[in-house]
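Working notes for the structure below.
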Amino acid sequence: MKNNMKPIMEGWRRNTLLREDIENPKTWGELSQKIALTLAGEKWPRLGKSLLKFGFKVATGALKQVMDSVDDLEDVLDFIPDEIQAKLEQGTEEGIKGLSDFARNNAGSIGAFLVDDIMGMDDSLTKNLAGFSALNIEDEYEKLINKDILKKWAKNIIRNAKNVPPDEPLPDLNSKLEQDLQTAIGAHPDTDDGDIRR
C-alpha cells in the first residue's frame, strides 16, 4: 500500500502546484509557464485536454483578448525544443512537465516578448488578470508623461526582463515608474509639473 501512495501523492502535488502557481502568477517564471502552457494548449488540442485534467484553464475571455493583442507572442512556441514539442502534440504529462520547466527556465526571454505590449494596453484589458495587471502602466500615466521619457524607461524594463531570474517577483510597473521618476528628476507623475509633462 505504501508503494502505491507515492505516485498518487506525487500526482496530487503536481496537480496542486500547476493550478495554484500558474493560474495566479506572482513571479516571472510562473507567468512564463502560464503563457507557454496556454499557447501550447491552443495549438495542440490533445495537450489542451490534458491540461484541463490538471485543472489548468486554457485562455478564454479577458486572458485570450490580452494574449491575442500581444504582437509576436506566437513566436514563443518556436523556441520549444523538438523533443518537447513531440510530447506536447501527444498531450502527455511528460510534455506538460517539459514545457513547464522550459518556460520557467526561460522566463526572461518569454517575459521580454510580452512586457512591451502589456505596458501600453488599455487598463480595462488587464485589470483583473493576475500577473498581467502588474505589468500594465496606468492609462493616466501614459497620457501625462512625455512619450520620449516613457519610451526610454520602457526600453530599460524590457532589457532587464530578458535577464530576469524565474523566481523574481513580477514588478508593479506603476510603482516602479513613480520611484524611477522620483529618483531621476525629483518628480512624481501625479503631482509635479515640469519635465515629465508634455
(message) Could you list LYS151, LYS176 so that the one with the fewest beta carbons within 10 Å of its beta carbon is first and the one with the most is last?
(response) LYS151, LYS176
(request) Give me the number: length gained by fully extending ASN105 to ASP148, i.e. 0.36 nm times residue separation minus the C-alpha to C-alpha distance, one decimal in nm. (result) 12.2 nm
(message) With the cut-off at 28 Å, tell me which of the pairs LYS43/LYS152; LYS26/LYS151; LYS97/LYS162; LYS43/LYS97; LYS64/LYS87 have Cα atoms farther apart than that.
(response) LYS43/LYS152
(request) Using amide H atoms built 1.01 Å from N in the peptide plane, name the residues 5+ places from THR27, or on other chains, whose amide H lies under 5 Å from its own. (result) LEU170
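No value in this document is a laboratory result; all are computed from the given coordinates. Treat the numbers as computed from the prediction; the structure is a model and nothing was measured. Don't worry about glycine lacking a Cβ; one is built from the backbone with ideal geometry, like all the others, and counts go over all protein chains shown.
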